[in-house]
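*Asks:* Could you have a look at this structure, given as structure tokens, before my questions?
The values are calculated or read from the model by the stated rules, or taken from the named source; none is laboratory data. Since the structure is predicted, the reported quantities are computational estimates derived from the model, not experimental observations. Using ideal geometry, Cβ is built from the backbone for each residue, glycine included, and neighbour counts are taken over all protein chains shown.
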Amino acid sequence: MPSSLHNRVVDAVGRPIVDGRTPAGTIMLSDDIVRHQGVSRSVAREAVRVLAAMGLVESIKRVGIRVLPQSRWNAFDPTVIRWRLSGTGLGAQLRSLSELRASVEPMAAELAAQHAPPAIAAELMTVAAQMKTVGRSGDLDRFLELDIHFHRLVLHGSGNEMFAKLDEVIAAVLSGRTDVGLMPQKPHETALQWHVDVADAIQGGDPQRARESMELIMRRTIAEVEPTWVDTPRVYFP
């Protein structure tokens, strides 16, 4: 099936679930998806399979497709994250991801300073220097590419395979922050320098400085986006 058609159906059915427009407990029928989306049964079936893998729905024999509560969602799925960032869940999603990053990335930087292969350390220095140049130019699209690559290198350079698997999650929040206009047209000079400091500490084998420099980046990030969630209640799953 054409991937664009498949993605359209996944988006059309999944996004309203994440936004709350299709509440938990709702029963959908495959025939309704076929009719409303104008697609074949095979396309609808595959879309439901993808949504089930995200934890958004479950198929119940002789009943239909039941929408699941947020406690069942795969909170680390990049598509779920993207939908939340572009909808009513923006503040809560940014808070969760920012707190996750603040917990993980300083440790990843510390470990990278101890264990990163020379090639990764050298590439980090190159990317950090490019970020400075591009950041000053105001090219946000190119800066986003470099920023994603920088943080991915730190995660992978840590040598921790679970940290490395968070690279798409971090990429999703960096992209989402830019998409919703929460990035300044020109990143702050201090933040650009902190990225250079992280890279320099990793290449120089200085774990404490690498961690402290990444913590500065995380604190500034939280301070910049915190207004989006200041009035958003936290959710406590049973």
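Residue-by-condition table, conditions (1) free of Cβ contacts under 8 Å to residues at least 12 places away in the same chain; (2) within 20 Å of residue 90 (Cα to Cα); (3) of a type in the set (Gly, Ala, Ser):
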| site | (1), (2), (3) |
| --- | --- |
| 139 | yes, no, no |
| 168 | no, yes, no |
| 171 | no, yes, yes |
| 178 | no, yes, no |
| 181 | yes, yes, yes |
| 188 | no, no, no |
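*Asks:* Could you tell me whether region 188-207 includes any residue that is among the aromatic types (Phe, Trp, Tyr) and not in a helix (DSSP H, G or I)?
*Replies:* no
*Asks:* Condition first: closer than 16 Å to residue 193 by Cα and among the polar types (S, T, N, Q). Now tell me which residues in region 116-165 satisfy that.
*Replies:* If the condition is that a residue be closer than 16 Å to residue 193 by Cα and among the polar types (S, T, N, Q), then 126, 130, 133, 137 are the ones that fit.
*Asks:* Sticking with this one: Can you find, within region 183-206, the residue that is farthest from the chain's Cα centre (by Cα) among those that are buried (at least 16 other Cβ atoms within 10 Å of the Cβ) and more than 17 Å from residue 109 (Cβ to Cβ)?
*Replies:* Among those residues, the one meeting the criterion is 187.
*Asks:* Take region 192-238 and flag every residue that is among the aliphatic types (A, V, I, L, M) and more than 17 Å from residue 125 (Cβ to Cβ).
*Replies:* Of everything in region 192-238, those that are among the aliphatic types (A, V, I, L, M) and more than 17 Å from residue 125 (Cβ to Cβ) turn out to be 216, 218, 222, 223, 225, 230, 235.
*Asks:* Would you check if residue 7 is free of Cβ contacts under 8 Å to residues at least 60 places away in the same chain, under 19 Å from residue 171 (Cβ atoms) and outside any helix (DSSP H, G or I)?
*Replies:* No.
*Asks:* Also, I was wondering about something else. Residue 238: more than 26 Å from residue 111 (Cα to Cα) and either among the acidic types (Asp, Glu) or without any contact (Cβ under 8 Å) to a residue 60 or more places away in the chain (or both), yes or no?
*Replies:* Spelling it out, it is not the case that residue 238 is more than 26 Å from residue 111 (Cα to Cα) and either among the acidic types (Asp, Glu) or without any contact (Cβ under 8 Å) to a residue 60 or more places away in the chain (or both).
*Asks:* Here's something else I'd like to know. For residue 176, indicate whether it is at pLDDT below 95, closer than 20 Å to residue 227 by Cβ and assigned to a helix (DSSP H, G or I).
*Replies:* yes
*Asks:* Moving on. Does region 60-78 contain any residue that is farther than 30 Å from residue 222 by Cβ and touching a Lys or Arg at 6+ places or on another chain (Cβ under 6 Å)?
*Replies:* Within region 60-78, one or more residues are farther than 30 Å from residue 222 by Cβ and touching a Lys or Arg at 6+ places or on another chain (Cβ under 6 Å).
*Asks:* Pairs only if they're at least six apart or on different chains, beta carbon under 9 angstrom, first in region 10-32 and within 21 Å of residue 63 (Cβ to Cβ), second assigned to a strand (DSSP E or B) and among the small types (Gly, Ala, Ser); list them, first residue then second.
*Replies:* Taking only residues 6 or more apart or on different chains, the pairs are 27/64; 28/64; 29/64; 30/59; 30/64; 32/64.
*Asks:* Among the numbered criteria (1) surrounded by 16 or more Cβ atoms within 10 Å (Cβ to Cβ); (2) within 30 Å of residue 100 (Cα to Cα); (3) at pLDDT below 95, which one does residue 50 miss?
*Replies:* Of (1) surrounded by 16 or more Cβ atoms within 10 Å (Cβ to Cβ); (2) within 30 Å of residue 100 (Cα to Cα); (3) at pLDDT below 95, only one is false for residue 50: (3).
*Asks:* Now a separate question. Out of 82, 72, which single residue is out of contact with any Ser or Thr (no Cβ under 7 Å at 6 or more places or on another chain), over 19 Å from residue 237 (Cβ atoms), of a type in the set (D, E, K, R) and in contact (Cβ under 8 Å) with a residue 12 or more places away in the chain?
*Replies:* Only one candidate qualifies: 82.
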